[in-house]
1. For Leu20, all conditions in the list (1) open to solvent by 40 Å² or more (accessible area, probe 1.4 Å); (2) modelled with pLDDT of 90 or more; (3) under 15 Å from Thr103 (Cβ atoms) hold save one; what is the number of the exception?
2. Assuming Thr72 fulfils every condition listed in (1) among the β-branched types (Val, Ile, Thr); (2) assigned to a helix (DSSP H, G or I); (3) touching a residue at least 60 places away in the same chain (Cβ under 8 Å) apart from one, which condition is it?
3. Filter the range 23-43 for residues that are open to solvent by less than 30 Å² (accessible area, probe 1.4 Å) and either modelled with pLDDT of 85 or more or closer than 18 Å to Ala102 by Cβ (or both) and give the result.
4. Could you please find all residues in the range 64-93 being surrounded by 13 or more Cβ atoms within 10 Å (Cβ to Cβ) and of a type in the set (Gly, Ala, Ser)?
Amino acid sequence: VEELVVVALGPANVGRAKALGDMLGVWKCVNIVTRRISPEPSTVGEVGKHPEKVLQLDDGSKSQVKGMVCITMDDIIDTMDTTLKAVQLLMDAGAQYVISCATHGLFTT
């Protein structure tokens with residue numbers, strides 16, 4: 001399917017994203033790189049101070065999602081933080097719309 005692209009939310013999900021792409025007949029698969037930015041040293045250990053998660057697409061991936069329908073693949077959804085950031089990132093990169101999938105939903109908060 002030419003207008004679909006499968007998006008792995010981090011390196012742990014690349015295999016799942018490729019398998020989903022194979023099932024759907026989608027040949028485009030991109031990876032969103034996630035990294036954490038540590039809080040200021042003076043706030044480490046304080047309640048509620050966790051490293052901030054930053055999501056990034058490289059320039060090549062941006063061109064692959066522009067005008068496309070993106071299907072994100074994640075392993076676990078808990079707070080929806082990563083999923084929501086990924087959707088915003090893909091929409092900012094020009095995606096038509098985004099469908100999100102996960103293998104497990106926890107939803108603890």
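The values are calculated or read from the model by the stated rules, or taken from the named source; none is laboratory data. Being a predicted model, the structure only gives us computed values, none of them experimental. Note that each Cβ is placed from the backbone with ideal geometry, even for glycine, and that neighbours are counted across all protein chains shown. Just so you know, the surface numbers come from the protein's heavy atoms only, side chains and all, with ligands and any DNA or RNA stripped out. Shrake-Rupley method; radii C 1.70, N 1.55, O 1.52, S 1.80 Å.
1. (1)
2. It is condition (2) that Thr72 fails.
3. Val26, Val30, Ile32
4. Once the filter is applied, which keeps residues that are surrounded by 13 or more Cβ atoms within 10 Å (Cβ to Cβ) and of a type in the set (Gly, Ala, Ser), the range 64-93 yields Ala86, Ala93.
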